[in-house]
Amino acid sequence: MQRHSLIEIADDTTGTESEQFNLMLQTGSLDVLLHHGGTTFGITTIGQHNDASGREPIVPDASVLSGAAFAFEQWSPGSGRWTLLAGVRADARRLSADRDDSLGVVAQDRNSQAWSGNAGIVFTPTPGGDSR
């Protein structure tokens, strides 16, 4: 968990200090990996919330939640000079922004998802990776 606070103080026309803006950003993340043979499974997630206040608005209050899951496989059949690779990943993200009239922002929720996959072949010219 991470907390980040940014506060700007300025002198106003009367010579007194006032808070111009105050941004509190809280972030938490989690990554988990499981290795089994030549396969790696993983999940990752991150959550973030910001709370903005002060005389000068810079961003609306908002929350973001993102997550992903993936699997990666590596095979080295036979002599070990060839390696086959394959992977798949799924991502999801949700953004919720609060209404802020001073910024002209209406309350909104946005969601996105993505899938990807890959495959590859690696050839090692010298067995066992020996370069002599």
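There is at least one residue in segment 60-68 that is over 17 Å from I43 (Cβ atoms) and more than 19 Å from the chain's Cα centre (by Cα). A Cβ distance below 7 Å, combined with a sequence gap of six or more or placement on separate chains, defines the contacts here; from segment 69-89, residues that are at positive phi reach residues that are of a type in the set (G, A, S) in the pairs G80/G128.
Checking each residue in segment 43-71 for being in contact with a Lys or Arg (Cβ under 9 Å, 6 or more places away or on another chain) and more than 30 Å from L6 (Cβ to Cβ) picks out A69, F70, A71. I'd like to know if segment 25-39 contains one or more residues that are modelled with pLDDT of 90 or more and closer than 30 Å to A10 by Cα. Among the residues of segment 25-39, at least one is modelled with pLDDT of 90 or more and closer than 30 Å to A10 by Cα, which makes the answer yes. Among the candidates D61, D31, the residue that is of a type outside the set (A, V, I, L, M) and touching an Asp or Glu at 6+ places or on another chain (Cβ under 6 Å) is uniquely D61.
Residues of segment 7-58 being under 30 Å from W115 (Cβ atoms) and charged (D, E, K, R), which ones?
Filtering segment 7-58 for residues under 30 Å from W115 (Cβ atoms) gives 25-50.
Answer for segment 7-58, where residues must be under 30 Å from W115 (Cβ atoms) and charged (D, E, K, R): just D31.
The values are calculated or read from the model by the stated rules, or taken from the named source; none is laboratory data. What you are looking at is a predicted structure, and each value in this text was computed from that prediction instead of being measured. In this analysis, Cβ positions are derived from the backbone assuming ideal geometry, glycine residues included, and neighbour counts consider all displayed protein chains.
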